[in-house]
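Here the structure is laid out as structure tokens; the discussion comes afterwards.
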Amino acid sequence: MTTISSSVTRADGGFAVEAVHRTEYRLVPVDGVFARENPQLADCYRNAGRCLAVVDENVLALHREAMEAYFAAAGVELTIIPVAIAETDKTLATLERLVDAFGAYGLLRTEAPLVVGGGLVTDVAGFACAAYKRSTPYIRIPTTLIGLIDASVSIKVAVNHGKAKNRLGAYHASSTVFLDFGFLATLAEDQVRNGMAELIKIAVVANRTVFDLLDEHGEELLRSRFGHVDGSPEIRKVADQVTDEAIETMLQLEVPNLAELDLDRVIAYGHTWSPTLELTPEVPYFHGHAISVDMAYSATLAARRGYISVEDRDRVLALFSRLGLTIDSPYLTPELLVGSTRSILQTRDGLLRAAAPKPIGECTFMNDVSDDELVATLQLHREVVAGLPRGGAGVDAFMVPRTSPVVQAP
């Protein structure tokens, strides 16, 4: 972020200050970001001659050799901080450990750490960069589907606080995001499923074409890791279209509202009641499963109000179900719905602003949902999903507890 214009004037015996800032960042597709024939990443670090990398330990186990060989060939000294961050570790304590590691390394304010991992890692490390010396640049390489098509597109970084998801955070763009969908070849199926929830999110309220493609090809996209594991040329073509259109749609919606000054946010579909639901179980839900419950419930509410047809509601719920995403939860109680509504009203300046399809591919916002309507819709939702596989429960819906250190010394 740079200041492009500023002024100081006297006003009413005091001073009026105005400063306009520019936010710039690039999303760079690359096939094999650690392949020696692709110099884009190395070019970011050649002048400094060194790179401090915050890397998810699971990614490191698979790609350390390629990373080290890549930077060695470029003549860049690589220092790695391995991290293991589950939702329960997305805290200020983890951020402080990263800041300590930055200080021990002697990181200069103008140096950009390289952050490699999924959305949890990039959220916490990005917030650490926002806080370190008040603002330190960084470069992202997302390695999960949710990171590639959602977290990397946004400039939001955050940690949880208590049971409140993303309660503390900042708007801090990475200067460059390298998008390498080849990482999906080694991604566990539960993580691919987790990311597909975010694709359904943007499809249901903003891109009917993507929804139709997911409805037709969703299971094969999941099985083949978006064509990167035994995928046909046809499914790779579908995967490329789905992810490219989803990212562009996200950018078109996000960029005019980077600091979320407009609280009517289309991409908040599925994020009204899920922030409370996600952290309610002792072992938290995967983010994708929590928002799927929210989105499915919101689709039932939208159909109840006549925003979408019952047939379209059932298409949405069936897509979630076929992919193994959760669409109902015993933790989704009347008490949780009412309590989480009160909580989100504080975030959204006193209005619910619950996003819903009207119809599929377009969005409306609901501000007039009463407690009685919430409870009645929950009862209807339970009746609708009872006949679906698993009664609305998801597959591998909860995060596996982490046993290794959160941040290891470089």
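The values are calculated or read from the model by the stated rules, or taken from the named source; none is laboratory data. Since the structure is predicted, the reported quantities are computational estimates derived from the model, not experimental observations. Glycine gets a Cβ as well: all are built from the backbone with ideal geometry, and neighbour counts include every protein chain shown. Please note that ligands, DNA and RNA were not included when accessible areas were found on the heavy atoms of the full protein model with its side chains. Shrake-Rupley method; radii C 1.70, N 1.55, O 1.52, S 1.80 Å.
Could I get the Rg over Rh figure for region 225-325? Both from C-alpha atoms, Rh via Kirkwood, rounded to two places.
So for region 225-325, dividing Rg by the Kirkwood Rh gives 1.02.
What does the convex hull of the Cα atoms of region 332-384 come to per residue, in Å³, rounded to a whole number?
Normalising the Cα hull of region 332-384 by residue number yields 89 Å³.
Using amide H atoms built 1.01 Å from N in the peptide plane, name the residues 5+ places from VAL229, or on other chains, whose amide H lies under 5 Å from its own.
none
At 1.4 Å probe radius, can you tell me the per residue accessible area of the chain in Å²?
43
For a quick check: with amide H placed at 1.01 Å from N, whose amide H comes under 5 Å from PHE286's, ignoring anything fewer than 5 positions away on the same chain?
Counting only residues 5 or more places away or on other chains, the set is PHE398, MET399.
Per q in 0.09 Å⁻¹, report the Debye log10 I(q)/I(0) for region 165-284, using one uniform scatterer on each alpha carbon and no solvent.
Taken in order of the listed q values, log10 I(q)/I(0) reads -0.30.
Using a simple spin-label model with points 7 Å from Cα along the Cα→Cβ vector, what separation in nm is obtained for ARG342 and LEU92?
So the label points at ARG342 and LEU92 sit 2.4 nm apart.
Roll a 1.4 angstrom probe over the protein heavy atoms and tell me the percent of accessible area of the chain that is carbon or sulfur.
With neighbouring chains kept in place, the figure for the chain is 50 percent.
Per residue of the chain, what 222 nm ellipticity follows from adding -39500 (n - 2.57) for every DSSP H run with n ≥ 4, rounded to the nearest 500?
The helix contribution divided over the chain gives -13500 deg cm²/dmol.
Please grab the % of Cα pairs in region 58-217 that end up more than 18 Å from each other.
Every Cα pair in region 58-217 considered, those over 18 Å come to 62 percent.
If I model region 109-194 as equal point scatterers sitting on the Cα atoms and use the Debye formula, what is log10 I(q)/I(0) at q = 0.13, 0.23, 0.26 Å⁻¹?
Each listed q corresponds, in turn, to -0.40, -1.06, -1.23.
With r as the distance between the Cβ atoms of ASP244 and ASP43 and R0 = 22 Å, compute the FRET efficiency 1/(1 + (r/R0)^6) and round to 0.05.
Efficiency, from the Cβ-Cβ distance: 0.35.
Based on the alpha-carbon set only, what is the convex hull volume of region 303-410 divided per residue, in Å³?
It is 179 Å³ per residue.
Which of the lysines could a cross-linker span from LYS156 if the Cα-Cα distance has to be under 16 Å and same-chain partners fewer than 8 positions apart are dropped?
Result set, ordered by chain and number: LYS90, LYS165.
Under a plain spin-label model, where a point goes 7 Å from the Cα along Cα-to-Cβ, how far apart in nm are ALA259 and ASP31?
My value for the distance between the label points is 4.1 nm.
Output needed for region 39-152: three equivalent-ellipsoid semi-axes, defined as square roots of 5 times the C-alpha gyration tensor eigenvalues, in descending order, whole Å.
21, 17, 13
Label GLU383 and GLU189 with points 7 Å out from Cα along Cα→Cβ: what is the distance between them in nm?
3.5
For region 144-214, report the % of Cα-Cα distances exceeding 19 Å.
Distances greater than 19 Å cover 50 percent of the Cα pairs.
Stretched out fully, how many nm does the piece from VAL8 to VAL400 gain, at 0.36 nm a residue minus the Cα gap?
135.8 nm
So for the chain, averaging the separation of alpha carbon pairs under 8 Å that are six or more residues apart and normalising by length, what relative contact order in percent results?
16
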